[in-house]
Structures are given as C-alpha cells and as structure tokens.
Amino acid sequence: MKMKRIGVLTSGGDTPGMNAAIRAVVKAGMHYGAEVYGIYKGYYGLIHDIIKPLDGNSVYNIIHRGGTILKSARCKEFKTAEGREKAFETLKKYDIDGLVVIGGDGTLTGARLLGKEHDFPVIGLPGTIDNDLYGTDYTIGYDTAVNTVVAAVDKIRDTAHSHDRLFIVEVMGRDAGFIALRSGIATGAEKILIPEAKTFIEDLYESLEKGKSHDEGAGIIIVAEGDDFGGALEVEKKIREKFPDYDIRVSILGHIQRGGAPTAYDRVLASGLGYQAVKALIDGKRGMMVGSINRKIEFTPFEQTIKYNRPVNVELHTIAEILAL
Ligand code: ADP
C-alpha cells in the first residue's frame, strides 16, 4: 500500500530532541511524497481529534529547541480498548495510512496495542531521557539530559569545595541508573547510587571516610531517584546518623533535566531515526521501534522493546567506584 498520509505524535515525558525528530519525519515525508499530519498531545489528541497538517514551515527553526511543538500528554483512556478504538476512528477520518510515535516504554506499549488491534502500521522512535529502552544504544534526549546534569553538578562542586560541603544530588531515573552513572563518572562524583546496584551503607560510610582525607568532607554523591535508599533525602538521613558534623546539602535537580536545547548528538540521532521511521513505513514495515546499535539502524519489534530492559553497564559502575577512591 502506498503511504500517502503519515501521522506523527510525541507522548509520555518530553525530551530534548523530539522536535528534531518531528522535523525529520515531516521532511522525510515530503521527500517520499507523503503528507504528514501532526497529532497534538500524544494519544489524547488522537482520541480527541487535535490534528493539523504539517509542512516545511511548521518545522522551520525548531531543530535546536527543547520540548515538543506537538506537545505531549499522558492519556489514561488510551490504555483501554475503547480509547484505542476511538483513536483508530480518528486515523481513518483523516485517511492516515501510517503513524510514527515518539516516546518511551509506555508510548511503545500503546503503539503495539493500537497496531495489533486495528492492523495499523505504527513505527516507534525511542524518546526518553532515561535511556532504558531495549533496541537502541541511545534514546533521544538522554545525551542532553546527561550534559545538563554535568553542567549543574560542575557548578554545585564549586560551592561544595568552597564551603567543605557534601552535596547529595538527585537525578532522574526511577527504574534506571543511566543518567546517574554517566553524569557521575563525568563529574568525578565520590559515589554513584543507582537502582541496578545494591548500595551497602557501610560502603558508603567508608567512601566518605576516605574522601575526607583529601578534602574535609566536601564532595558529590549522585543518587538516581529510584535507588534502593529511596532518593537523596533518605541518603542524607543515613549520612547524618553516622556523621552528624558533616555540612550536608541536598539538591534535587528535577525537571531542568528534561528541558533545554538538545545536544548535537541528540539532534543528529533524532534526525536520522526520524527519517528512518518514515522510510520504514514506506517500505511496509510496522510494529517496530527504530534504534541505532553500534552505529547501525536496527528495527526491534515492540514486543521485545517492551519485554526486555536495557541494562546499565555494571562494569562502568565498578570502574567509577575505583576512580572515585
Ligand atoms: P513513556 O512513553 O515516556 O514511557 P508513559 O508511561 O506515561 O510515558 O506512557 C505514555 C502514554 O502511552 C500513556 O499516557 C498512555 O496513553 C500510553 N500507554 C502507556 N502504557 C500503556 C498501556 N499499557 N496500554 C496502552 N497505552 C499505554
């Protein structure tokens, strides 16, 4: 079947680079002679008919902008078969032949169900700052988020050392420690706490004792929000119990990690994957996420991206511990 009209939406948590991906989808569509329709607010807009055609002008001057011009949303209704039925009706109403969705695990889960239940071609792009999707080395937005954390922690370190303070910095990652591990290594953090590695309180105390010998207790501990201690505030309590004299501050970086101009890496990744998503639809592919593994474009069926988790590099965590001593 010829793809005459392609829909594109962004869903779940927004990430820097989503705009570059939307731009690539629109331009690739123009290249292959397909019209591209923007669906606003993710699956909510698909159910509630918030749709507009996009052209070159719509995506002009957006490659460097964070967020998503199509807006994003979380939509409970889409988790029901009735919701997805309504979404499918909207696709039919607009004569849309194929859909590109950009988002994380939840978004791809929804995409799989929509495609299966209504025999509809859907291709997914990995859009999450957490980098925890199976089927790609990097997700769109991860590199930017890591660089944002690094810039923030470098600043925090200046004040940490000026006051001999210990900073506990909480970064995003409820289920995965990718952001924490990478930013922790890049900033030379004294300790990195991630959900994938059990943290023993005695080890933490020991590292702090060692660190004290060269800088009066100043330092940085990076904590992924999903660490088994339960976040930075809990870690702070534990440290205070043992070291009541330490000058400790907690900094929860929060949503700044989602925003800002995407790095060159994210722009290039999003551009390449956006183009490949459209080409895949044109080639008759469906039900898959496009990713990049070892510099090669790879298609992973939604079933697999949802079922498997991409593990963090645990060896890197061990190396980080050695380098922090
Ligand atoms: P992300 O895509 O970043 O993981 P969410 O988990 O919030 O973000 O998912 C985004 C949207 O995808 C949800 O609001 C919902 O509309 C849809 N979705 C998530 N999980 C499912 C599911 N199990 N079935 C159908 N749709 C889902």
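The values are calculated or read from the model by the stated rules, or taken from the named source; none is laboratory data. These figures come from a predicted structure and were not determined experimentally. Every residue, glycine as well, gets a Cβ built from its backbone with ideal geometry; the counts of neighbours run over all protein chains shown. Surface areas here come from the heavy atoms of the whole protein model, side chains and all, with no ligands, DNA or RNA. Shrake-Rupley method; radii C 1.70, N 1.55, O 1.52, S 1.80 Å.
Would you tell me the accessible area of Ser72, worked out with a 1.4 angstrom probe on the heavy atoms of the protein chains, in Å² to the nearest 10?
40 Å²
Could you work out the equivalent-ellipsoid semi-axes for the chain, taking the square root of 5 times each eigenvalue of the Cα gyration tensor, largest first, in whole Å?
42, 18, 16
Would you work out what percent of the accessible area of the chain, with all protein chains in place, is carbon or sulfur (probe 1.4 Å)?
50 percent
For the range 136-177, which trypsin sites (Lys or Arg not before Pro) are both in a DSSP coil and crowded by at most 12 other Cβ atoms within 10 Å?
Loop-located and lightly packed - Arg174.
Net charge within 10 Å of Asp105 by Cβ-Cβ distance, Lys/Arg positive one each and Asp/Glu negative one each, not counting Asp105 itself?
Around Asp105, the surrounding residues sum to -3.
At Glu77 and Phe243, where each label point lies 7 Å from the Cα along Cα→Cβ, what is the point-to-point distance in nanometres?
Roughly 5.3 nm, to one decimal.
Under 22 Å Cα-Cα from Lys4, which lysines qualify once same-chain neighbours fewer than 8 residues away are excluded?
Straight-distance partners of Lys4: Lys27, Lys52, Lys86, Lys92, Lys93, Lys116, Lys279, Lys285.
Over the range 35-79, give the accessible area per residue in Å² for a 1.4 Å probe, as an integer.
Accessible surface, normalised per residue, equals 55 Å².
Go through the range 228-325 and name the trypsin sites (Lys or Arg not before Pro) that are in a DSSP coil and have 11 or fewer other Cβ atoms within 10 Å of their Cβ.
Those satisfying the criteria are Arg295.
According to the square roots a ≥ b ≥ c of the eigenvalues of the Cα gyration tensor, what is the shape class of the range 259-325, taking rounded for a/c under 1.5, prolate for a/b larger than b/c otherwise, and oblate for the remainder?
Oblate is the answer for the range 259-325, as a/c is 1.5 or above yet b/c matches or exceeds a/b.
Once you have a ≥ b ≥ c as the square roots of the Cα gyration tensor eigenvalues for the range 143-258, tell me rounded if a/c is under 1.5, and otherwise prolate or oblate according to whether a/b is larger than b/c.
oblate
Per residue, how much accessible area does the range 143-258 show when a 1.4 Å probe rolls over the protein heavy atoms, in square angstrom?
45 Å²
Rounded to the nearest angstrom and ordered from largest down, what semi-axes does the equivalent ellipsoid of the range 128-178 get from its C-alpha gyration tensor (root of 5λ)?
Working from the Cα gyration tensor, I get semi-axes of 28, 11, 6 Å.
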